[in-house]
Amino acid sequence: MAVTWNATLEGEKTVESLSDVVTTVHWTASDSETVGSGDSAVTHNGSSYGAVGLAEADSGSFIAYGSITKDNAIAWAKAALGADEVTRIETSIAAQITESKTPTRFTGVPWS
């Protein structure tokens, strides 16, 4: 199991002398584990999502919008979140999968 991170970018068309400046990264993180095989296989999922604002654009380290990679965006999101929060998110996703595999809670009604 390894958490997969994805990102979508949001920004301003112009900030001072810079164009198409990313100001926010909307991120998702997810993982899954399949137990069993064939028709009896069950996939257990965990996920989290959010958005982080980025520091003001700096012309010295600015990356043109068309040159931003997925890895850049994910690195920016993780840096803005901080290592402790990234660990908390990934631990929470693992806990969701564990809860799906071995539930400790239930919902519903006992009647039909």
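All other residues whose Cβ lies under 13 angstrom from that of THR91 are scored, Lys and Arg at +1 and Asp and Glu at -1, for a net of -4.
Close amide H pairs (under 5 Å, H built 1.01 Å from N) link LEU54 with THR24, VAL25, residues at least 5 positions away or on another chain.
Look at [x] -0.44, -1.27; [y] -0.36, -1.42; [z] -0.24, -1.46: the one that is log10 I(q)/I(0) by the Debye sum over Cα atoms at q = 0.10, 0.24 Å⁻¹ derived from this structure is [x].
A straight Cα-to-Cα reach below 20 Å connects LYS78 with the lysines LYS70, residues fewer than 8 places away in its own chain not being considered.
In a reduced charge model with +1 at each Lys and Arg Cβ and -1 at each Asp and Glu Cβ, the chain shows a dipole moment near 380 debye about its Cα centre.
The residues neighbouring SER48, those whose beta-carbon lies less than 12 Å from its own, together hold a net charge of -2 under the Lys/Arg +1, Asp/Glu -1 convention.
In order along the range 76-92, phi translates into HN-Hα couplings of 5, 4, 5, 5, 5, 6, x, 4, 5, 5, 4, 4, 4, 5, 5, 5, 5 Hz, rounded to whole numbers, per the Karplus curve 6.51 cos²θ - 1.76 cosθ + 1.60 with θ = phi - 60° and x for Gly and Pro.
Which parts of the range 1-39 would a label at ALA64 reach, counting a residue when its backbone N lies under 13 Å from a point 7 Å out along Cα-to-Cβ? Only 19-20 pass the distance filter. If contacts are Cα pairs under 8 angstrom and at least 6 residues apart, what is the relative contact order of the chain in percent? Averaging sequence separation for qualifying contacts and normalising by length gives 26 percent for the chain.
Quick one: check the C-alpha center-to-center distance for the range 1-64 versus the range 65-102, whole angstrom. Cα centroid of the range 1-64 versus Cα centroid of the range 65-102: 8 Å apart.
Across the options THR107, HIS44, ALA55, the greatest Cα extent toward the positive end of the charge dipole of the chain (unit charges at beta carbon of Lys, Arg, Asp, Glu) belongs to THR107.
Rule-based calculations on the coordinates, nothing more; no lab input. As the structure is a prediction and not an experimental result, all values here were calculated from the model. All Cβ positions, glycine included, derive from the backbone under ideal geometry; neighbour counts span all protein chains shown.
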